[in-house]
There are 2 protein chains.
Amino acid sequence: MTYLAPHTTPLSRAAMALPENPLRALYPLAARDGMISLANGHPSPDACDHVGLRDALDAAAADPMAWRYGPTAGDPRLRRALAHLSGDQPDSVIVTSGAQQGIDLAIRTLCDPGDTVLVPEALYPATLSVLAACGVTAHPVREDAGGLCLNALEQAIQDSKARALYLTPTFGNPTGSVLSEDRRGALLALCARTGVLVIEDDPYRDLWFDAPPPPSLWEMAGACGARVIALRSCSKSIAPGLRIGWMLATSDLTPHITALKQASDLQSSGTAQMTVLAYLSSGRFDDWLVKARALYRARHDALREGLVEAGFDVPAVTGGMFLWARLPKHIDTARLFETAVAQGVLYAPGAAFDASGQGGEIALYARFCFASNDVKSLKQATDRLAQAARLSA
Amino acid sequence: MTYLAPHTTPLSRAAMALPENPLRALYPLAARDGMISLANGHPSPDACDHVGLRDALDAAAADPMAWRYGPTAGDPRLRRALAHLSGDQPDSVIVTSGAQQGIDLAIRTLCDPGDTVLVPEALYPATLSVLAACGVTAHPVREDAGGLCLNALEQAIQDSKARALYLTPTFGNPTGSVLSEDRRGALLALCARTGVLVIEDDPYRDLWFDAPPPPSLWEMAGACGARVIALRSCSKSIAPGLRIGWMLATSDLTPHITALKQASDLQSSGTAQMTVLAYLSSGRFDDWLVKARALYRARHDALREGLVEAGFDVPAVTGGMFLWARLPKHIDTARLFETAVAQGVLYAPGAAFDASGQGGEIALYARFCFASNDVKSLKQATDRLAQAARLSA
């Protein structure tokens, strides 16, 4: 019999390998008195339709399915309502506990430990956590201002023998970039030709400023012969606390994804599902989106103007929640972050998004969220940043 | 470059290995007109405190944390309230998306693919799904009327070199058995001596009839030098649709479990968390439990009486939701199940709980839930079962 020391708990390799999400690690700093946080991708509380959501909760309370066990793939009425949003078939929809669960389920459905997944070189850190938890290697692919570079992608497919590509082609996190329709088509054709399945993480697509973004990879997949799993979210457009997202997948995959979801959490919260159903049924969502787009557009403009004045190099974006800025030249990035925190402003350092884990160029960037604060606070934040930049020069 | 056939999606070994949960597969049968289902472990809708829950939703709607992102381990106020229920420290509590997520997180924190976990020979099928999804082998341990047999457990530890033991020591699922305090102590001492961590799945412990069950393994662990992760649930005592459970773990494990939960779903639904917090704060929970215990006790007695009359061999239980019955002798079990369905009564065949996957004796048993139906329906159900038994003899 093997006798282990009684106080040694053996951990799985996944648990030992799992990095802390560097953005969630900023929460205590964000909670400091007087801190203005541009660090996290949190929708603005004043852009939340509290009146509509309170009515929706009221309606949910009267629905038996708010309280009982229901189907793993989600309440059929909610699946229909979500499918209707994107013109899809309800059978393609699996309701998830936030889009984060969608990332986890997609990776676990497709990948074994030791496999490789292609990712943009600047990557949402919680995706990196999923890959680490599944023992899957992230293979970074170069990006330019228009998103993933296709030459680099083709080379990476050759080098890595990856099973899947994960990306956020619309208002990317952290870069805010949008893949053009042409590049989408070429990317899908390449993935179809090489048998790489595409995981399209798409939580921001409703938050455009002037014009809707190009069609989703999910919509274009059929015409290109490509395989796509799409992840959608209520977190950025209704309320993140609900923890309701959904996946769109083809019928060869939905039974496997559903079985894995069943093992993970049986089903998503019925209370939250019925609230989303009631909210979508109320007819308030479209009006709210119009308001949110105008609000976020004004905030984008204010934040960008302030960052440019503070010496940052900041391309404008056309929607989403983020600006991806190159720091003023000749500045020590670690010192700037510390000085900014001391001045009362928080942002997400570029290194937090480093898919390669090897640093370099990305440490000269930072992600700023324009969604969470009003214009007045954003101006105050960029004044503080300008001061921090002067002190760090 | 590897060219795959464009319509072949490679699946992970986990996705391919994952069995369908045989109990959830019964849902369509349960939904048939006129069917009385004793198959699933669903709390009775008429034992749900709808008035209290509606008030709790109302209170939740006014709480900003119902709508915003919050901490991964759960809202601090809810962690305090849940810790208070069992006299624990809030730091030991991690709020989960149902206890099912707790099983998944515990296994992923402790086990690598290829590892072995010890389980009771009659096992909750969704635990088997988690093990399959994680590439972990289930090693069944023999049980008697008093739960897990310690001689068999000691032998299984020697044979398997397992890292962990999973069990439901209190009102077990499916058997309803309760491990005595003595056997708990001996089990913990054995696991402490051999370095086996114990995962205590404990969703039913509030649902006792005449007297509270023995202390939990979690409570007894310290005195025995054993390591325990405990899983608790609001699904059986408040409402399953909320999908709120919690884990209790020691401080060497909580950061790793929290990091894995973050990768899985960032956090559990804030809407559901704030509803549970408001409900626990309302002071209605204790009164409701008193009512639920009386209701379930009466239903237990009615179901057991009817099953005995129908020729089943059914030990009484002292709480929980289930009776584990040996079918009348000389009956073809497959034929009985079909005939019962035709007569309009559904139960969970013993084979659904077969941890060995090799059949045998367990196919002569069946699980009957006494919680979901009122006494009148239970009597009707056992009349139909008696008829089915006659037709199958």
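How large is the charge dipole for chain A, taken about the Cα centre, if only the Cβ atoms of Lys, Arg (+1) and Asp, Glu (-1) carry charge, to the nearest 20 debye?
Charge dipole of chain A: 340 debye, to the nearest 20.
Hey, in the GNM for chain A with a 10 angstrom Cα cutoff, which one of A:L128, A:L85, A:L105 fluctuates hardest?
Highest fluctuation among the options: A:L85.
Which value, in Å to one decimal place, does the Kirkwood hydrodynamic radius take for the protein assembly as shown when every pair of different Cα atoms is included?
27.3 Å
So how do A:S269, A:S44 line up by other beta-carbon neighbours within 10 Å, fewest first? Provide the component values of the computation, followed by the final result.
On the way: A:S269 30, A:S44 17.
Least to most surrounded, the residues fall as A:S44, A:S269.
Show which lysines lie in cross-link reach of B:K329 when reach means a straight Cα distance below 26 angstrom and same-chain residues fewer than eight apart are skipped.
Within the straight-line limit of under 26 Å, B:K329 reaches these lysines: B:K379.
In a solvent-free Debye calculation with one equal scatterer on each Cα, what is log10 I(q)/I(0) for region B:36-126 at q = 0.10, 0.11, 0.13, 0.20 Å⁻¹, listed in the order of the q values?
-0.45, -0.54, -0.74, -1.23
With viscosity set to 0.890 mPa s and temperature to 25 °C, compute the Stokes-Einstein D of region A:130-222, Rh being the Kirkwood radius across alpha carbon pairs; µm²/s, no decimals. Don't jump to the answer; show the numbers that get you there.
Details: Rh = 13.8 Å.
In µm²/s, the coefficient is 177.
Select from region A:24-106 those trypsin sites (Lys or Arg not before Pro) which occupy a DSSP coil region and have at most 14 other Cβ atoms within 10 Å, ordered by residue number.
Working: sites: A:R24, A:R32, A:R54, A:R68, A:R77, A:R79, A:R80; in loops: A:R32, A:R68.
Here the sparse-neighbourhood loop sites are A:R32.
Nearest 5 percent is fine: what portion of the DSSP beta bridges confined to chain B is antiparallel? Provide the component values of the computation, followed by the final result.
Working: 20 of 37 bridges.
In chain B, approximately 55 percent of DSSP beta bridges are antiparallel ones.
What is the ratio of the Cα radius of gyration of region A:293-359 to 2.2 N^0.38 Å, with N the residue count, to two decimals?
On the way: Rg = 13.1 Å, N = 67, 2.2 N^0.38 = 10.9 Å.
In units of the 2.2 N^0.38 Å rule of thumb, it is 1.21.
Given a Förster distance of 22 angstrom, what is the FRET efficiency for B:E309 paired with B:R335, based on the Cβ-Cβ distance and rounded to 0.05?
It comes out at approximately 0.60.
State the answer as a single residue: which of A:P120, A:P71, A:H139 lies farthest towards the positive end of the charge dipole of the protein assembly as shown, with beta carbon charges of +1 for Lys and Arg and -1 for Asp and Glu, about the Cα centre.
A:P71
How far is the Cα center of region B:116-174 from the Cα center of region B:312-348, in Å?
23 Å
From the phi of every residue in region A:279-289, what ³J(HN,Hα) in whole Hz does the Karplus formula 6.51 cos²θ - 1.76 cosθ + 1.60 yield, where θ is phi - 60° and glycine or proline is x?
With the stated coefficients, region A:279-289 comes to 5, 5, 6, 6, x, 7, 4, 4, 4, 5, 4 Hz.
Can you give the helix-only mean residue ellipticity at 222 nm for the protein assembly as shown, where every DSSP H stretch with n ≥ 4 adds -39500 (n - 2.57) and the sum goes over all residues, rounded to the nearest 500 deg cm²/dmol? Could the numbers behind the result be given before it?
Numbers: 28 runs with 330 residues, N = 786.
Calculated mean residue ellipticity at 222 nm is -13000 deg cm²/dmol.
In the neighborhood of B:A189, defined by Cβ-to-Cβ distances under 14 Å, what is the net charge if each Lys or Arg adds +1 and each Asp or Glu adds -1?
Residues near B:A189 contribute +1 overall.
Taking 0.36 nm per intervening residue step and subtracting the Cα-Cα distance, what contour gain separates B:R142 from B:A17 on full extension?
42.5 nm
Largest first, please: the extent of the C-alpha atoms of region A:258-320 along each principal axis, to the nearest Å.
That gives 50, 31, 16 Å along the principal axes, largest extent first.
For A:F171, B:F370, what ranking results if the residue with the fewest other Cβ atoms within 10 Å of its Cβ goes first?
Ascending number of Cβ neighbours within 10 Å: A:F171, B:F370.
Let me know the mean shielding of B:54-65 by other chains, meaning the per-residue number of their Cβ atoms within 10 Å of its Cβ.
What the average comes to for B:54-65 is 4.
Loop-only trypsin sites (Lys or Arg not before Pro) in region A:285-393, please: DSSP not H, G, I, E or B, and at most 10 other Cβ atoms within 10 Å.
Qualifying residues, ordered by number: A:K329.
Report, ordered by chain and residue number, the aspartates and glutamates lying within cross-link reach of B:K376, taken as a straight Cα distance under 20 Å and ignoring same-chain residues fewer than 8 apart.
Within reach: B:D33, B:D46, B:D301, B:E305, B:E309.
Treating region A:182-300 as a set of equal point scatterers at the Cα positions, no solvent, please give the Debye-formula log₁₀ I(q)/I(0) at q = 0.16 Å⁻¹.
Reported log10 I(q)/I(0), two decimals: -0.95.
Is there a quick way to get the dipole size of region B:50-281? I mean about its Cα centre, with the Cβ of Lys and Arg at +1 and of Asp and Glu at -1; what is the value in debye to the nearest 20?
380 debye
Given a Förster radius of 56 Å and the C-beta distance between B:N151 and B:A31 as r, what FRET efficiency does 1/(1 + (r/R0)^6) yield to the nearest 0.05?
Between B:N151 and B:A31 the formula returns 0.80.
Please name which of A:G98, A:M321, A:T250 has its Cα lying farthest along the dipole of chain A towards the positive end, using unit charges on Cβ (Lys, Arg +1; Asp, Glu -1) and the Cα centre as origin.
After comparing all options, I get A:G98.
In terms of Cα to Cα distance under 23 Å, which lysines are near enough to A:K261, apart from those fewer than 8 places away along the same chain?
Within reach: A:K236, B:K236, B:K261.
Of B:P120, B:P203, B:P214, which is the most mobile in a GNM of chain B whose springs link Cα atoms less than 10 angstrom apart?
Largest GNM mean-square fluctuation: B:P214.
Relative to the compact globular guide of 2.2 N^0.38 Å, what is the alpha carbon radius of gyration of chain A, as a ratio?
1.00
Report, for the protein assembly as shown, the % of DSSP beta bridges that are antiparallel, rounded to 5.
Details: 40 of 74 bridges.
Counting DSSP beta bridges with both partners in the protein assembly as shown, the antiparallel share is about 55 percent.
By the gyration tensor of its Cα atoms, with a ≥ b ≥ c the square roots of the eigenvalues, what is the shape of region A:325-365: rounded for a/c under 1.5, prolate for a/b over b/c, or oblate?
Judged from the Cα gyration tensor, region A:325-365 comes out prolate (a/c at least 1.5, a/b above b/c).
Could you give the size of the charge dipole of the protein assembly as shown about its Cα centre, using +1 on the Cβ of each K and R and -1 on the Cβ of each D and E, expressed in debye and rounded to the nearest 20?
It comes to approximately 160 debye.
Hey, what D do you get for region B:50-281 in µm²/s if you plug the Kirkwood alpha-carbon radius into Stokes-Einstein at 4 °C and 1.567 mPa s?
On the way: Rh = 18.0 Å.
Once the numbers are plugged in, D ends up at 72 µm²/s.
State the Cα centre-to-centre distance between region B:5-70 and region A:56-103 in whole Å.
The distance from the Cα centre of region B:5-70 to that of region A:56-103 comes to 11 Å.
For region A:221-262, what does the equivalent ellipsoid look like in terms of its semi-axes, each the square root of 5 times an eigenvalue of the Cα gyration tensor, given largest first in whole Å?
24, 16, 5
Would you mind telling me which residue in B:D91, B:D46, B:D144 has the biggest mean-square fluctuation in a Gaussian network model of chain B, where springs connect alpha carbons within a distance under 10 angstrom?
Among B:D91, B:D46, B:D144, the largest mean-square fluctuation in the Gaussian network model of chain B belongs to B:D144.
Which residue, A:Q267, A:A25, A:P215, has the largest displacement toward the positive end of the dipole of chain A when charges sit on each Cβ (Lys, Arg +1; Asp, Glu -1)?
In chain A, that residue is A:A25.
Per-residue mean of other chain beta-carbon atoms within 10 angstrom of the beta-carbon, peptide A:295-303? The partial results should precede the final answer.
Details: counts 0, 0, 0, 0, 0, 0, 0, 0, 0.
That average works out to 0.
With labels modelled as points extended 7 Å from the Cα through the Cβ direction, what inter-label distance (nm, one decimal) is found for A:A393 paired with B:A223?
For A:A393 paired with B:A223, the spin-label model returns 6.9 nm.
Which of A:K261, A:K161 comes first, and how do the rest follow, when ranked by fewest Cβ neighbours within 10 Å?
A:K161, A:K261
Amide H of B:V141: which non-local residues (sequence gap of 5 or more, or other chain) have their own amide H closer than 5 Å, using H built in the peptide plane?
B:V119, B:E121
Just so you know, all these numbers are worked out from the coordinates, no wet-lab data involved. These numbers were taken from a predicted model, which means no experiment stands behind them. Cβ coordinates were reconstructed from backbone atoms using ideal geometry, including for glycine residues, and neighbour counts include every protein chain displayed.
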